[in-house]
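Read-outs: derived from the displayed coordinates by stated rules, not from any lab. On a predicted model such as this, the values are computed, not experimentally measured, just so you know. Glycine gets a Cβ as well: all are built from the backbone with ideal geometry, and neighbour counts include every protein chain shown.
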Amino acid sequence: MLSPSTSDRSSAATLFNRLVARTRLRHLQLIVLVAELGSVQHAAAQIGLSQSAATKMVLEVERALETRLFERHARGMRPTFACRDLLPLLRSVMNNLTGCAESLAAAGAGFEGTVRVGAITAGITGVINPALPALFSAQPQVRLELFEDALPVLLGRYADGELDMLVAREPAQLAPDSRFQALLADVCVVASGPSHPLAKRRHLRPADLLDFPWASPPPDSQTHKAFEALFAECGALPALQPLSTRSLAAMVHYLRASNALMMGPLSFVREALEAGALRRLDCAVASTLPPLGLVSRHEPRNRSVAAFHAQLVTMGVAD
């Protein structure tokens, strides 16, 4: 692969210097809004500018970059390919500024630092929720911002620097600046509503479960592989699978209102089992799951992140 030429680097440096010298953050915010709303008028109204002022600002950015960012048409503005390339970077800049503002606001409210944690649902129910009272007791001046999503989304936000750590299963790949530490062993379980006909039966076999409706795991999840393995001896999966979701609230509601069954990580359903909202069926599931753990950077962003990480690892969450 050829390395970038000196002229390419100079060109990039020139464009950078133009952006710094000729544009303000409001320019970048406006470009993002015009692309999202498809209209200078609507974007201008959202940030308190006149349409003429907003139009002038868009032209100033285009002149600085010597690139058209929008195609004008009868119904508004459409981002060019060049603009679409820029948008993820501009959004990252705006997200980081939002994070700065939130950190300063937290500091102004008396908090010593902000910790931003992303977690899959099982990470919240299995690791975060049991730990929260002790964490807040030990660090009352730390503000926790907790974000729940699927792992691919969380990994993207973590890579962009928006999150300090993740509570999830070990990713296939990690950047050299990050590590994974296992915290909680996990297994798959089969559960039902508390009044299900099978709730009190012992030593259930897969054939006993086949004819009931199921809230099945999402097809791209590790739990779905265990779901398929459970029914391998039957030669078929349950015919009725009207619901597939990662939402624990939706699963609990559906199971309590019907004779449906579900399979999920024990970490995912533990709280519902302990509260009596669900019942764990006496059915052997051979498949195990990778442990839940922490994805974090070797060098924490601040002392609050380092303290939060250390306490979560050492406070007895790990089984």
Seminar exercise, completed: The extension gain from Met94 to Thr67, computed as 0.36 nm times the residue separation minus the Cα-Cα distance, is 7.6 nm
Seminar exercise, completed: GNM of the chain, Cα pairs under 10 angstrom: of Val20, Val115, Val153, the biggest fluctuation goes to Val20
For this session: Compute the long axis of helix 129-138 from its Cα atoms, compare it with the longest principal axis of the Cα atoms of the chain, and write down the angle in degrees, 0 to 90, nearest 10.
Result: 60 degrees
Exercise. If you build a Gaussian network model of the chain, linking Cα atoms that sit under 10 Å apart, which residue out of Ala12, Ala101, Ala307 swings the most?
Worked result: Ala12
Exercise. Most mobile of Leu151, Leu255, Leu86 per a Gaussian network model of the chain (Cα springs, under 10 Å)?
Worked result: Leu86
Seminar exercise, completed: If the label point sits 7 Å along Cα→Cβ of Thr314, residues of the stretch 125-153 with amide N under 17 Å come out as 134-140
Exercise. What per residue convex hull volume, in Å³, do the alpha-carbon atoms of the chain yield?
Worked result: 215 Å³
For this session: For Gln241, list long-range residues whose amide hydrogen, built 1.01 Å from N in the peptide plane, is under 5 Å from its own amide hydrogen.
Result: Trp214
Problem set entry | Hz values of 3J(HN,Hα) by residue in the stretch 240-252 - Karplus curve (6.51, -1.76, 1.60), Gly and Pro given as x | 9, 9, x, 9, 10, 7, 9, 7, 5, 4, 5, 5, 4
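Tell me, rounded to the nearest percent, the portion of alpha carbon pairs in the stretch 266-318 spaced more than 14 Å apart.
Value for the stretch 266-318 (Cα pairs over 14 Å): 69 percent.
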For this session: Provide Cys188, Cys234 in ascending order of the number of other Cβ atoms located within 10 Å of each residue's Cβ, fewest first.
Result: Cys234, Cys188
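Semi-axes, largest first, in whole Å: what does sqrt of 5 times each Cα gyration tensor eigenvalue give for the stretch 6-103?
Sorted largest first and rounded, they come to 22, 18, 12 Å.
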Exercise. In nm², what is the average projected area of the convex hull enclosing the Cα atoms of the stretch 206-289?
Worked result: 5.2 nm²
Problem set entry | Calculated log₁₀ intensity ratio I(q)/I(0) where the Debye formula runs over C-alpha points of the stretch 156-209, q = 0.13, 0.14 Å⁻¹ | -0.59, -0.62
Seminar exercise, completed: Note, the stretch 42-54: 3J(HN,Hα) by Karplus (6.51, -1.76, 1.60, θ = phi - 60°), whole Hz, Gly/Pro = x, goes 5, 5, 4, 4, 5, 10, x, 10, 6, 4, 5, 5, 5
